[in-house]
Amino acid sequence: MKKLQLTLVFATSTTSLGCGHVFANGYYCFFSILMSFAIYPGTFDPVTNGHLDVLERASRIFDHVLVAISVDNSGKKNAFDCETRVKLVEENIGQFKNVSAEPFNGLLVDYAKSKGAKILVRGLRAVSDFEYEFQMAQMNRHLDAELETIFLMPNEKYFYTSSSLIKQVHLFGGRESGLVPENVSSALKKLAAEKSAS
């Protein structure tokens, strides 16, 4: 079982504790979280290299990461149905021995509880993501006080990407972005051809 060790420091002024590190004068809090299982939720419409980058980072922290693909998100109009989105994800997680994927419906907090999960993983690209993710994390905590959210930052080359932007480039611009796996690129080409023919 993997363990993540975190140290919280509350600073007013600094002082050395004689261990080669500078800590706050006053008090500090040390705690450990057993990192056994986490859920990485999202619409994944479609899965991108940025998603996979976050997933790789999560797989190094947790014993098991479950990619939970939302069946329906009322706030988004999905390009791919859930079955296709799950398939596109599954085709890209074979490199991870401790990652699985499945669809889910309903509230994320209820799904997490049904799986016995206490930790959610979310990718955080830029400041523009923070407000939405902060609101979601706080609402999830309100609904389930034991559910925590951990934010992981992808490689900087994925900071400006999103599934929505990538769909626009592929479906309406007809151009390659280089920001999605090969199977997703093929699926987007097929979808663009279908839209053009209709």
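General observations
- Filtered residues of region 65-86 (kept if out of contact with any helix residue (DSSP H, G or I) (no Cβ under 6 Å at 6 or more places or on another chain), surrounded by 15 or more Cβ atoms within 10 Å (Cβ to Cβ) and without any contact (Cβ under 8 Å) to a residue 60 or more places away in the chain): Leu66, Ala68, Ser70, Asn78, Cys82, Arg85, Val86
- Region 139-165, residues that are touching a residue at least 12 places away in the same chain (Cβ under 8 Å), among the acidic types (Asp, Glu) and loosely packed, with under 14 Cβ neighbours inside 10 Å: Glu146
- Among (1) of a type outside the set (A, V, I, L, M, F, W, C); (2) in a helix (DSSP H, G or I); (3) open to solvent by less than 20 Å² (accessible area, probe 1.4 Å), the one test that His51 misses: (3)
- Cβ-Cβ contacts under 7 Å between residues 6 or more apart (or on different chains), taken from a first residue in region 109-129 that is among the basic types (Lys, Arg) to a second residue that is outside any strand (DSSP E or B), are listed as Lys113/Asp144; Lys118/Glu146; Lys118/Leu147; Arg122/Glu133; Arg125/Pro154; Arg125/Tyr158; Arg125/Phe159.
- Within region 98-108, if we keep just the residues that are under 23 Å from His142 (Cα atoms) and in contact (Cβ under 8 Å) with a residue 40 or more places away in the chain, the residue that is surrounded by the fewest Cβ atoms within 10 Å (Cβ to Cβ) turns out to be Phe104.
- Residue within region 114-126 that is farther than 16 Å from Leu147 by Cα and either part of a strand (DSSP E or B) or open to solvent by 60 Å² or more (accessible area, probe 1.4 Å) (or both) present: yes
- Note on region 166-194: among residues that are in a helix (DSSP H, G or I) and open to solvent by 90 Å² or more (accessible area, probe 1.4 Å), the one that is modelled with the lowest pLDDT is Phe172.
- Answer residue from region 75-113, given it is assigned to a loop (DSSP other than H, G, I, E, B) and among the acidic types (Asp, Glu) and is nearest to the chain's Cα centre (by Cα) among those: Glu91
- Filter pass, Phe130 being open to solvent by less than 90 Å² (accessible area, probe 1.4 Å) and over 15 Å from Val47 (Cα atoms): no
- Test: Gln95 is polar (S, T, N, Q), open to solvent by 100 Å² or more (accessible area, probe 1.4 Å) and in contact with a helix residue (DSSP H, G or I) (Cβ under 9 Å, 6 or more places away or on another chain): yes
The values are calculated or read from the model by the stated rules, or taken from the named source; none is laboratory data. No experiment lies behind these values; they were computed from the predicted model shown. Cβ sites come from the backbone with ideal geometry, for glycine too, and all protein chains shown count toward neighbours. Side chains are part of the model used for accessible areas, which takes the heavy atoms of the whole protein and leaves out ligands, DNA and RNA. Shrake-Rupley method; radii C 1.70, N 1.55, O 1.52, S 1.80 Å.
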